[in-house]
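First the structure, in the form of structure tokens, and then the observations on it.
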Amino acid sequence: MRVYAVVALGALALAACSRTEDKAAAPEAAASAAGGDASATAGPVAMPKRKPGLWSHTIAAEGANQTMQVCIDADTDSKMSVWGQAVSKDMCAKNSFAAAPGGYAFESECDMGEMGRVVSKGTVTGDFASAYTVKTTSTTTGSSMPQANTTSDMTLTAKWEGACPAGMKGGDVTLPGGMKINMEAMAAKK
């Protein structure tokens, strides 16, 4: 089960390849991604900020659900987007993010080396102070792990739980089974 949580975190990271110059998609692309019309999405879009504190993330993918706890502070939120940890700008040929009816739409194409090429498309809705939902469809090709070469749908439902408990700092994640990792430390190793 822990593997699903780590894979899910990685998949969400791919949805936000963090290319600053691409944060605003062309209006037509955003409308297409959200199923709306282009007039609803003009100009640059600011990334939504999450309320600092402890968030529970429930990930539903491949018929399995997993819940983890994530401690978010202002610094972590600026480094990790709503839809996951930002990965290297050099890895992503495309990253678009735009306002869409009811929330935001995003698309990315990232080369993860031996993990393959990942194309993701999704939406984000919610108020980011008490709850938000990320829905992503990702297709992986060219992975050295044949079982990873697939298309998958994933939904992350996040709920604000209060202040981070003692012993947890920004970027800390408690996975199912109690394993703890820090997403900022993992990103720094790349």
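The values are calculated or read from the model by the stated rules, or taken from the named source; none is laboratory data. Since this is a predicted model, take the numbers as computed values, not measurements. Note: ideal-geometry Cβ built from the backbone for every residue, glycine included; neighbour counts use all protein chains shown. Please note that ligands, DNA and RNA were not included when accessible areas were found on the heavy atoms of the full protein model with its side chains. Shrake-Rupley method; radii C 1.70, N 1.55, O 1.52, S 1.80 Å.
A few comments on the model shown:
- Conditions (1) surrounded by fewer than 17 Cβ atoms within 10 Å (Cβ to Cβ); (2) at pLDDT 90 or above; (3) assigned to a strand (DSSP E or B): number failed by Q147: (3)
- Filtering region 101-114 to residues that are farther than 29 Å from L54 by Cβ and open to solvent by less than 10 Å² (accessible area, probe 1.4 Å) leaves nothing.
- Residue check, K169 under 27 Å from K51 (Cα atoms) and touching a Cys at 6+ places or on another chain (Cβ under 7 Å): yes
- Flag if A38 is at pLDDT below 85 and either open to solvent by 30 Å² or more (accessible area, probe 1.4 Å) or not aliphatic (A, V, I, L, M) (or both): yes
- Within region 142-190, the only residue that satisfies the criterion of being of a type in the set (S, T, Y) and within 22 Å of S78 (Cβ to Cβ) is T174.
- Among (1) open to solvent by 10 Å² or more (accessible area, probe 1.4 Å); (2) at pLDDT below 90; (3) of a type in the set (V, I, T), the one test that T67 misses: (2)
- Yes/no for S32 being surrounded by fewer than 21 Cβ atoms within 10 Å (Cβ to Cβ), part of a helix (DSSP H, G or I), at negative phi and modelled with pLDDT under 75: yes
- Residue count for region 115-144 under the criterion of being buried (at least 17 other Cβ atoms within 10 Å of the Cβ), in contact with a strand residue (DSSP E or B) (Cβ under 7 Å, 6 or more places away or on another chain) and assigned to a loop (DSSP other than H, G, I, E, B): the result is 1.
- In region 150-178, of all residues being aliphatic (A, V, I, L, M) and more than 15 Å from S56 (Cα to Cα), the one that is surrounded by the fewest Cβ atoms within 10 Å (Cβ to Cβ) corresponds to A166.
- Of all residues in region 88-114, those being outside any strand (DSSP E or B), touching a Gly at 6+ places or on another chain (Cβ under 7 Å) and within 18 Å of T157 (Cβ to Cβ) number 0.
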